[in-house]
Protein chains: 2
Amino acid sequence: IFRGERLQAFSDAVFAIVATIMVIPLKLNIKEGDIPSDYILHDHLYNLYPRYLIYLFSFVLVVDTWYSHSRIFSIVEQVDDVIMWLNLLSLLFISFLPYGTGLISHFQASRPEGFELAVSTCSAIIILTGLIMVVMLLYAFRKQALLHPEVADNTDMRSLKIGLLTTLSVNPLLALGALFFSLFHTESTQIISLVFFYCMGLGSLVVRTVIHLYHRRKCYSLPDFATSIFRTVASKSRTEAFSDGVFSIVATLIVLDFTATIPTSEAVRNNHGGNLRYALGSTRFIYLSYVASFCIVGLLWFVQYGMFHFLKKITPTLSFINTITLCLVGGIPFVSSIYVIFISNEESLKTMYSVDNQLVAMRASVVLVFLVGLSQLLFWSIALYQKRECLSEEVDRYPAEILMFVKIMIFPTVSGILFGITFTEGISAKHVYGFVIATTPFLFLLAKFVFLIQECMKTRA
Amino acid sequence: IFRGERLQAFSDAVFAIVATIMVIPLKLNIKEGDIPSDYILHDHLYNLYPRYLIYLFSFVLVVDTWYSHSRIFSIVEQVDDVIMWLNLLSLLFISFLPYGTGLISHFQASRPEGFELAVSTCSAIIILTGLIMVVMLLYAFRKQALLHPEVADNTDMRSLKIGLLTTLSVNPLLALGALFFSLFHTESTQIISLVFFYCMGLGSLVVRTVIHLYHRRKCYSLPDFATSIFRTVASKSRTEAFSDGVFSIVATLIVLDFTATIPTSEAVRNNHGGNLRYALGSTRFIYLSYVASFCIVGLLWFVQYGMFHFLKKITPTLSFINTITLCLVGGIPFVSSIYVIFISNEESLKTMYSVDNQLVAMRASVVLVFLVGLSQLLFWSIALYQKRECLSEEVDRYPAEILMFVKIMIFPTVSGILFGITFTEGISAKHVYGFVIATTPFLFLLAKFVFLIQECMKTRA
Ligand SMILES: [K+]
Ligand SMILES: [K+]
Ligand SMILES: [K+]
Ligand SMILES: [K+]
Ligand SMILES: [K+]
Ligand SMILES: [K+]
Ligand SMILES: [K+]
């Protein structure tokens, strides 16, 4: 029997991996070398919209499964080998999901057969994962030594068990419905199957709210500990671990993309007369955009870190907004790879629409960063609104609150201005873009500096 | 001013990413579809040996840099925005290292120019990272509120500072030597440059030992806390976080490889008459080998988890062996991708040496798993040897010790037997391999089961 912390941390990382890797099917299937001359990036990106929705859906689905995991370990304090095994098995099953949703992304156009099979694959994955989790919960309830002492002392253990089983079963049952109806090859059953399937994203939220309300009304007999299980979706520390996981996988994907741009010795021989120095010099824009992506991810993490520092407790609403933020952050490797293709190597762009494509690539990154900034702002606004419940008293110290707010505002403001600039004629958008990206980190330093001066003046006064 | 835990956890993850991604340049540049008919995998793998050494070297180098980071945060307890910023900057610099060592891997054959440039790139990265870390340390010593209270109370702070600065500067100074001598284009300076460069891997170990001995002799005046900084390389909890990071990035790389095998709708149309079911059926070996890789990684993590559970403290020797284990674990995505190419799709293998290549692919995976198992065994043996210092008392309970030993022995034994089988004629190695991989998890369950029975019998007696 071990304490479960490291198991939880490892699971958080795996769930974060699975969620973040969902972004892979978005990747454009074009290469710097051979872009068709009539290629229009705007249309390509626009036509990908079903994939964005599938990405959002599958990200939320993984986070939902992770909530179930989180719920189990909010009552399980110690783990034995069996829990360990069941947990690894559930991680194995859920790790198939990027493959399944990848199938959905690739075959959403080829209805009915391909798509149908893709949907049933995903449903089967959700059912198997859910099944293992239910077994895990039942096992823990059987072997009470593993449970949190407050749960073990609980007189009304049965209703706690039923409540937990219900929340855990919602998505697997919906998936079972989707799988069942996908077996009949008529149009109406297919639609029912899809309804069941997509209900997993939002439906579970609704069902959970109902259970939550039901429990609040009826189960006043449950101790505080038990009701708090239904009132929170994941603890602050686990949400931090999950978020760190997403940020680190995003960093991994960016580093991987960057490492893939190392020129081969053949390419150096053929295109640069065997001179590696020239070859590396010709890709200098790639380094800059790598540094830019890394800095943006680092700074967004820094903002998130700051907000969570002041957070006392994470409510379901905040958790939901955090999920959306992370989902958007997961899109950064996607836009940065587009940016690299269209900005990095001007010489290789001999297409008719190259300038338009460059602007669109810039706009895509700017819009994404804007959205991330906006959702961080929303997070903080709601946290401030629920101040008494969510935030520590530290935030009330006047300048700390302001500094946090300024930090959060930097990204939406800067990206908003940049978005405007990409529409302004007569300005070389590319150079402004590079300049602004390079100066953004210093805005954070400036904010800090102003804050320090104010502190000094206050101390003197 | 924040507590530094989350910053440390995030940094551990980034260092783990950087170390594990070093494996990317090993990737074979062949595709399932077009393997030349005279392709001999054995020779290809054999000729890659300089890259294995570069991988080992760069992995150790990252771990060494991570040790420096770990040392800084063993005296820094609280972080402010400046530390946060410097830390992100050092992570940015170190994250360039996979690109640099990738250059070394690709251009080790094209001496002198390409290789020289690659070595100076890496040296520059190490110098910049080291510089930031030195600044971080000096800043922390200046702003004493950030330091651990025991350090702040330390009377002999100067010798602590010098000791830490020395350990932090070893690698950057060696890199400076390598960079300096790489500027002269003569053969002898190149060799000196390389000597400096490769000294970073092992040299720092030697220098550190010297400092360690020196400090032990001379600095008896330092309190326990300060000497313990020089006696350990990284705390147990940070080593766990780093290890989890490596395991999770390995999992990520495996999932990424797996997700990349999703057939495109064109491929399904052209090769399988538009029937996705056939297309997916034809790649069933890929699923099996994915499950196998995931299970192997999961089980190796499970063994590591078990060993660390009994560990009270991690000595530099144990830490070194753990690094080697992790470096080997980092090779799993590499061998599993080879395995997928040569085993998965028999129909596509029309080369002269296809059967030999299959056996070699199997042997490569088996040998790697054997080596990982062996280094885990070595870890445990040394931990048992240094029992009083390293292990918790729990391990002395008779069956726990045996069970741990059995768990550790499973991988070396199974892979040793499998290695033998690949040389046995008349046996279909492929099917034995599949069978053994499928039954290995049950060996762990069996061990647990036997253990439980024994426990029961003991309770009764
Ligand atoms: K929880
Ligand atoms: K991680
Ligand atoms: K982490
Ligand atoms: K969340
Ligand atoms: K430490
Ligand atoms: K981790
Ligand atoms: K280590």
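The values are calculated or read from the model by the stated rules, or taken from the named source; none is laboratory data. Not measured: the values here are computed from a predicted model. Here the Cβ is made from the backbone with ideal geometry for all residues, glycine too, and neighbour counts use every protein chain on show. The accessibility values were calculated without ligands, DNA or RNA, using every heavy atom of the protein model including side chains. Shrake-Rupley method; radii C 1.70, N 1.55, O 1.52, S 1.80 Å.
The figures follow:
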item	result
Whichever residue in the range B:244-270 is touching a residue at least 40 places away in the same chain (Cβ under 8 Å) and more than 16 Å from ligand 6 (Cβ to nearest atom) and, among such residues, is surrounded by the most Cβ atoms within 10 Å (Cβ to Cβ)	B:254
Selection status of residue A:50, in a loop (DSSP other than H, G, I, E, B) and either more than 16 Å from ligand 1 (Cβ to nearest atom) or not aliphatic (A, V, I, L, M) (or both)	no
Subset of the range B:57-108 [more than 8 Å from chain A (Cβ to nearest Cβ) and charged (D, E, K, R)]	B:64, B:71, B:77, B:80
Pair list, Cβ < 8 Å and 6+ apart or interchain, from the range A:163-185 residues that are open to solvent by less than 30 Å² (accessible area, probe 1.4 Å) to residues that are in a helix (DSSP H, G or I) and among the acidic types (Asp, Glu)	A:171/A:64; A:182/A:116
Criterion (modelled with pLDDT under 85, more than 16 Å from ligand 7 (Cβ to nearest atom) and out of contact with any Phe, Trp or Tyr (no Cβ under 8 Å at 6 or more places or on another chain)) met by exactly one of A:64, A:34	A:34
Sole residue being more than 23 Å from residue B:343 (Cα to Cα), away from ligand 4 (no atom under 16 Å from the Cβ) and either of a type outside the set (Lys, Arg) or in contact with a helix residue (DSSP H, G or I) (Cβ under 7 Å, 6 or more places away or on another chain) (or both), chosen from B:23, B:63	B:63
Filter result for the condition that a residue is open to solvent by less than 20 Å² (accessible area, probe 1.4 Å) and in contact with a helix residue (DSSP H, G or I) (Cβ under 9 Å, 6 or more places away or on another chain), over B:86, B:103	B:103
Unique match (being buried (at least 21 other Cβ atoms within 10 Å of the Cβ), assigned by TED's automatic domain parsing to the domain that holds residue A:151 and touching a residue at least 40 places away in the same chain (Cβ under 8 Å)) among A:95, A:11	A:95
Close pairs from the range B:271-297: first assigned by TED's automatic domain parsing to the domain that holds residue B:340, partner at pLDDT 80 or above and of a type in the set (S, T, N, Q), Cβ under 6 Å, at least 6 apart	B:286/B:261; B:293/B:336
Options A:37, A:68: the member that is surrounded by fewer than 16 Cβ atoms within 10 Å (Cβ to Cβ), farther than 29 Å from residue B:274 by Cα and not assigned by TED's automatic domain parsing to the domain that holds residue A:316	A:37
Selection status of residue B:29, surrounded by fewer than 19 Cβ atoms within 10 Å (Cβ to Cβ) and over 18 Å from the mean Cα position of the chain (by Cα)	yes
Residue identified as within 16 Å of ligand 7 (Cβ to nearest atom) and basic (Lys, Arg) among A:71, A:51, A:6	A:6
Meets criteria (of a type outside the set (A, V, I, L, M), open to solvent by 10 Å² or more (accessible area, probe 1.4 Å) and away from ligand 5 (no atom under 16 Å from the Cβ)) for residue B:325	no
Residue match in the range B:57-74 (condition: within 16 Å of ligand 6 (Cβ to nearest atom) and under 30 Å from residue A:400 (Cα atoms))	yes
Residue in the range B:9-19 that is more than 16 Å from ligand 7 (Cβ to nearest atom), over 30 Å from residue A:451 (Cβ atoms), assigned to a helix (DSSP H, G or I) and modelled with pLDDT of 85 or more present	no
